[in-house]
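Step one of this worksheet: look at the structure below.
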Amino acid sequence: MISVTNLVKEYRTASRDVRALDGVTLTVPAGEIHGIIGHSGAGKSTLVRCLAGLDRPTSGDITINDANLTTATAKDLRSARRRIGLVFQHANLFDARTVLDNVAYPQEIAGVKKSERRARAAELLELVGLGDATQVYPSQLSGGMRQRVGIARALAVNPDVLLFDEPTSALDPRTTDEILDLITHLRRPDLAMIVITHEMHVIKRICDSVSLLERGQIVESGSLTDVVSTLSGKLSQQLLGISAHESVPGTLVDVLSRGSDAARPVIAHTSAAVGAELAIIAGSVEHLAGTTFSHLRLAVPEGTDAAEVIRILKSQGADACLTSELQGADAQEAAA
Ligand SMILES: Nc1ncnc2c1ncn2[C@@H]1O[C@H](COP(=O)(O)OP(=O)(O)OP(=O)(O)O)[C@@H](O)[C@H]1O
Ligand SMILES: [Mg+2]
């Protein structure tokens, strides 16, 4: 388990001070894949660097299982760092070493016997699907294969925590999905994984839980199903967002149903109850973390009470609100 409490990181530069992390609190239990999503400059890499022990936070605590990284001495920090595996956007491999020797490197540093570390490296390369490429040099590999080597290397120390900083941002969509499937495949009950990304696709495909990082602060956090279920939430709008569209006559209402409710004729029932035809003008149906979510936008004709429509939708277990209530900066951002 990894636990972060009130983490602050300030950078002092000649021209200005930057508060890159501004009170981040976060817990990721072992066995879970947690996604951290945010725009450029939100503080994602700073968070990874602090978690990986590469950067000292200004204040706050980071605990991995029972070891407090922030109060550790330099020597203890070095050993704590061995419990953390780190995968970068570009695999950052040693070009002069074979794939096998790249993966064996962390154990070499740790003083593990050559035969032992090579056997472990071969095993890990098998795990990531590169069992027959052990003697190849990184320059001969595709981006996806290099990333597999980077993942095998991160696993060499048998970490308690695996951190990924934008692991698929440099890959094409198909290779991205292959790497995401590999990350899911690495799931173990004793391993906590954190995936930093700016792509919602990554969150949708592999994460159990998610945090939204904005200007150094976590503004929303929770299990994927919980954050998506709140229609007005930023993550819900980004994960199930409906694009902006031409204006249509009538009042627009957004409705969100989940699980078995998503399969029920909620709209038909509401149409019948108010005695008016409700047109579905936009929609998005997603299967996330094993649950189906249906987000629809309805046009309520003039002369029909939209508040009554919302009340009836909610009485059937759906979340509903006027679309105009969602049309803030966030909805615009989600639609972009
Ligand atoms: N070494 C540094 N010195 C000064 N400022 C820094 C330093 N590293 C990061 N920053 C600043 O901290 C803020 C957060 O940067 P960070 O790299 O963590 O963002 P990010 O979310 O990873 O962005 P990106 O998606 O572009 O990688 C930015 O304003 C950045 O300019
Ligand atoms: Mg970054």
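The values are calculated or read from the model by the stated rules, or taken from the named source; none is laboratory data. Small disclaimer: the values here were computed from a predicted structure and weren't measured. Backbone-built Cβ (ideal geometry, glycine too); neighbour counts: all protein chains shown. We work out accessible area using only protein heavy atoms, side chains counted, and drop any ligands, DNA or RNA first. Shrake-Rupley method; radii C 1.70, N 1.55, O 1.52, S 1.80 Å.
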**For Asp55, residues with placed amide H under 5 Å, excluding near neighbours** = Cys50
**Asked** Tell me, what is the 1.4 Å probe accessible area of Glu178, in Å² to the nearest 10?
**Response** 80 Å²
**Prompt:** So what is the calculated 222 nm ellipticity per residue for the chain, using -39500 (n - 2.57) for each DSSP H run with n of 4 or more, over all residues, to the nearest 500 deg cm²/dmol?
**Reply:** -9500 deg cm²/dmol
**Request:** Please say if segment 234-335 is rounded, prolate or oblate, where rounded means a/c under 1.5 for a ≥ b ≥ c the square roots of the C-alpha gyration tensor eigenvalues, and otherwise the choice is prolate for a/b larger than b/c and oblate otherwise?
**Result:** oblate
**Request:** Apply the Karplus parameterisation 6.51 cos²θ - 1.76 cosθ + 1.60, with θ equal to phi minus 60°, to every residue of segment 110-115 and state each ³J(HN,Hα) to the nearest whole Hz, in sequence, with x for glycine and proline.
**Result:** 7, x, 7, 3, 4, 4
**Item:** Ala170 versus Leu77: modelled label distance in nm, points set 7 Å from Cα along the beta carbon direction
**Value:** 2.7 nm
**Prompt:** In square nanometres, what is one fourth of the surface area of the convex hull spanned by the alpha carbons of the chain?
**Reply:** 20.3 nm²
**Request:** Give me the accessible area of Ile109, 1.4 Å probe, in Å² rounded to the nearest 10.
**Result:** 110 Å²
**Prompt:** Taking θ as phi - 60°, what are the ³J(HN,Hα) couplings along segment 157-165 by the Karplus curve (6.51, -1.76, 1.60), each to the nearest whole Hz, with x for Gly and Pro?
**Reply:** 7, 6, x, 8, 9, 10, 10, 10, 9
**Request:** Rank Gly111, Ala306, Ser45 by how far each Cα sits towards the positive end of the charge dipole of the chain (+1 on Lys, Arg Cβ; -1 on Asp, Glu Cβ) and give me just the farthest.
**Result:** Gly111
**Complete:** Quick tally, 1.4 Å probe accessible area for Met200, Met145, sorted with the most first, runs Met145, Met200
**Request:** Have a look at the DSSP beta bridges in the chain and tell me what percent are antiparallel, nearest 5.
**Result:** 70 percent
**Request:** Have a look at Leu26, His269, Leu100 and report the one farthest towards the positive end of the charge dipole of the chain, computed about the Cα centre with Cβ charges (Lys/Arg +1, Asp/Glu -1).
**Result:** Leu100
**Prompt:** Along segment 21-31, what does the Karplus equation 6.51 cos²θ - 1.76 cosθ + 1.60 (θ = phi - 60°) give for ³J(HN,Hα), rounded to whole Hz, x for Gly and Pro?
**Reply:** 10, 10, x, 7, 10, 6, 10, 10, x, 4, x
**Request:** Over the alpha-carbon set of segment 45-118, work out the extent along each principal axis and list the three values in angstrom, largest first.
**Result:** 40, 27, 18
**Prompt:** What order do Ser79, Ser315 take when sorted by accessible area (1.4 Å probe), most exposed first?
**Reply:** Ser315, Ser79
**Message:** What does the charge count around Asp55 come to, taking other residues whose C-beta lies under 10 Å from its C-beta (Lys +1, Arg +1, Asp -1, Glu -1)?
**Reply:** +3
**Fill in**
Using a 1.4 Å probe on heavy atoms of the protein chains only, the accessible area for His269 in Å², nearest 10, reads 100 Å²
**Message:** Compute the angle between helix 306-315 and the longest alpha-carbon principal axis of the chain, please, reported from 0 to 90 degrees and rounded to the nearest 10.
**Reply:** 60 degrees
**Complete:** Over all Cα pairs of segment 33-177, the Kirkwood radius sets Rh, and Rg/Rh then becomes 0.98
**5 angstrom amide H check on Leu86, placed H, neighbours 5+ away** = Leu163
